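The values are calculated or read from the model by the stated rules, or taken from the named source; none is laboratory data. It should be emphasised that the depicted structure is a prediction, and the values quoted were computed from it without experimental measurement. We place every Cβ from the backbone using ideal geometry, glycine too, and count neighbours over all the protein chains shown.
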Amino acid sequence: MTLPDPRTDLAAPAGPAVQIALSLVSHTNAGKTTLARTLLGREIGEVRDAAHVTEVAEGHVLIETPAGDRLALWDTPGFGDSHRLARRLEQSGNPVGWLLTEVWDRLRDRPMWSSQQAIRNVRERADLVLYLVNAAEDPRDAAYLDPEMRILDWIGKPVIALLNQAGAPRPPEQEAAEVARWRTRLGGARVVKEVLLLDAFARCWVQELTLLDAVARLLPSDRQAGFTRLAAAWRARGEATFDASMRELARRLARAAADAEPLPAGGLRDALRGLGSAFSRSPRESGGDDAGEPADTARRAAMRALAGRLDAEVRGSTDRLIALHGLHGRATQQVLERLAEHYSVSAPVDEGRAAILGGLVAGSLAGLKADLATGGLTMGGGLLAGGLIGALGAAGLARGYNLVRGAGPPEVRWSDEVLDGLAEAALLGYLAVAHYGRGRGDWAASEHPPHWEAVVRDALATQRDALRAVWALRPQRPGADALGEALHPPIAAAARRALATLYPGNVPLP
């Protein structure tokens with residue numbers, strides 16, 4: 001069964017309301033409560049590195065529908081002494097077993113008694129069991145697995161094994177190999193129907209859809225219609241958060257694209273001085289203190305003002321993205337080091353004076369790039385890396401300056417290359433927030449997995465023409481709101497394609 005896509009499956013299937021219970025079980029201290037917090041999106045229970053933190057089974061509502069359907073998740077005490085617990089449960093049908101459980105264990109071994117009560121609760125209430133395992137272990141070394149398979153067999157309900165504590169997200173082929181390794185180890189258990197990776201600290205909402213898809217396949221037919229409604233509500237909630245996130249990223253990029261900082265108009269002497277200053281220092285040195293000539297000082301002050309607004313916008317936007325995902329915490333103190341030296345300097349140049357500039361740019365320089373597309377002189381990381389521009393004549397350089405800005409006041413703005421980089425950084429930031437499991441607590445920025453960069457870059461490449469078309473609108477000064485509306489479709493399409501690459505099979509592409 002494939003979960004419905006709320007964008008196309010608008011009519012919910014008819015049928016009576018259903019109450020479906022999933023029970024989360026595992027060996028002691030495997031992270032059940034942490035995963036429960038992530039799935040529920042709120043704080044429940046107590047999380048600490050100790051055995052038997054959860055002492056009784058606790059039920060929580062995952063999602064409900066207007067039709068009255070309810071999906072509940074039960075968090076249970078962990079299996080402590082799995083060998084003894086399996087024997088207790090298997091003996092529970094005879095008088096000696098009853099005496100051990102209800103008298104001895106209840107009075108002398110409370111953790112063992114709690115575990116037995118929780119397992120009976122699972123047997124009586126659960127429609128399906130989610131069995132959590134520690135993927136950081138080698139499955140061949142997990143001696144508790146065999147007795148716990150006996151416990152699951154005693155429960156007698158379909159089981160989906162979830163691999164937790166798997167570490168940072170890895171490329172799909174590596175994660176598939178990890179799942180295959182555990183599937184082989186658990187293959188002998190008749191009740192284990194599926195093995196999925198769902199880390200409490202680094203899962204994505206798309207993986208939750210994969211889990212619900214697996215649950216749907218294991219439910220009896222009389223519960224399918226109700227669960228389809230529940231699954232559609234879950235997906236719709238995730239899609240709504242996704243769409244709101246994409247609109248936030250589009251607004252962030254639009255504000256950067258529309259931003260500009262004016263420069264005081266200067267004569268030819270100031271223009272030449274500014275160009276010479278740019279060529280005589282490294283990109284990092286060009287953003288230094290204010291010492292220098294007035295034109296250079298004004299240029300650097302304008303660059304700092306532009307960078308300061310972008311820094312504040314990224315921080316505020318990240319905070320809003322965190323809140324959209326039901327998380328807390330503030331964006332960490334990160335200076336935009338990769339972007340601080342990327343500027344497009346647009347200044348009108350009189351073509352009558354182009355011959356003088358031609359003497360500067362006709363030879364071998366430290367990597368001057370005349371950006372005719374943006375009508376500016378693009379300076380910054382990677383662009384002042386050396387090269388020849390002898391093929392670009394002086395008149396061509398003048399036309400490049402005048403193409404967008406005409407004879408208006410000179411100004412500093414972000415180049416197209418920087419905006420492309422901001423789009424990539426925005427999607428990487430989205431993935432980091434979207435993968436942040438609620439069980440980890442307050443959100444905090446962390447390094448993204450290396451393979452995400454190539455995935456995001458490839459996804460954005462499919463939208464390159466659409467993004468370039470938006471950047472080309474800037475000379476018309478349409479405003480940030482209009483640019484944001486234009487950016488939303490390509491940014492959302494790129495993000496969806498990145499998710500489809502990372503988690504193939506359950507992400508509808510545009």
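Numbers at a glance
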{"quantity": "Candidate set: the stretch 1-33, residues that are part of a loop (DSSP other than H, G, I, E, B) and in contact with a strand residue (DSSP E or B) (Cβ under 6 Å, 6 or more places away or on another chain); chosen: the one modelled with the lowest pLDDT", "calculated": "Ala30"}
{"quantity": "Of all residues making up the stretch 196-227, the number that are more than 25 Å from the chain's Cα centre (by Cα), under 30 Å from Ala498 (Cβ atoms) and surrounded by fewer than 21 Cβ atoms within 10 Å (Cβ to Cβ)", "calculated": "3"}
{"quantity": "Scan of the stretch 91-135 for residues that are at pLDDT 85 or above and either in contact with a Lys or Arg (Cβ under 9 Å, 6 or more places away or on another chain) or of a type outside the set (D, E, K, R) (or both), ordered by number", "calculated": "Val122, Arg123, Ala126, Asp127, Leu128, Val129, Leu130, Tyr131, Leu132, Val133, Asn134, Ala135"}
{"quantity": "Residue match in the stretch 313-320 (condition: on the phi < 0 side of the Ramachandran plot and modelled with pLDDT under 50)", "calculated": "no"}
{"quantity": "Matching residues in the stretch 163-191 - criterion: being within 14 Å of Ala142 (Cβ to Cβ) and either touching a residue at least 60 places away in the same chain (Cβ under 8 Å) or aromatic (Phe, Trp, Tyr) (or both)", "calculated": "Asn164, Gln165, Trp182"}
{"quantity": "In the stretch 116-145, the residues that are among the charged types (D, E, K, R) and more than 15 Å from Ser26 (Cβ to Cβ)", "calculated": "Arg120, Arg123, Glu124, Arg125, Asp127, Asp138, Arg140, Asp141"}
{"quantity": "All positions within the stretch 420-446 that are part of a loop (DSSP other than H, G, I, E, B) and at pLDDT 85 or above", "calculated": "His435"}
{"quantity": "Qualifying residue in the stretch 447-466 (condition: of a type in the set (Lys, Arg), out of contact with any Phe, Trp or Tyr (no Cβ under 8 Å at 6 or more places or on another chain), loosely packed, with under 14 Cβ neighbours inside 10 Å and at pLDDT 95 or above)", "calculated": "yes"}
{"quantity": "Only listed residue being modelled with pLDDT of 90 or more and under 30 Å from Leu419 (Cβ atoms), chosen from Gly238, Gly226", "calculated": "Gly238"}
{"quantity": "The stretch 465-510: number of residues that are more than 20 Å from Ser245 (Cα to Cα) and assigned to a helix (DSSP H, G or I)", "calculated": "7"}
{"quantity": "Subset of the stretch 38-60 (residues that are more than 15 Å from Trp234 (Cα to Cα) and modelled with pLDDT of 85 or more)", "calculated": "His60"}
{"quantity": "Any pair with Cβ under 6 angstrom, 6 or more apart, that starts in the stretch 448-469 at a residue that is over 18 Å from Ala500 (Cβ atoms) and ends at one that is at pLDDT 95 or above", "calculated": "Leu467/Pro490"}
{"quantity": "Selection count where residues are charged (D, E, K, R) and on the phi > 0 side of the Ramachandran plot, scope the stretch 447-480", "calculated": "1"}
{"quantity": "Some residue of the stretch 177-195 being under 17 Å from Tyr503 (Cβ atoms), crowded, with 22+ Cβ neighbours inside 10 Å and either under 31 Å from the mean Cα position of the chain (by Cα) or not basic (Lys, Arg) (or both)", "calculated": "yes"}
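Table: residues versus (1) in a strand (DSSP E or B); (2) under 25 Å from Trp154 (Cα atoms); (3) at pLDDT below 90.
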| residue | (1), (2), (3) |
| --- | --- |
| Thr210 | no, no, no |
| Val215 | no, yes, no |
| Ala232 | no, no, no |
| Ser245 | no, no, no |
| Glu248 | no, no, no |
| Gly266 | no, no, yes |
| Leu275 | no, no, yes |
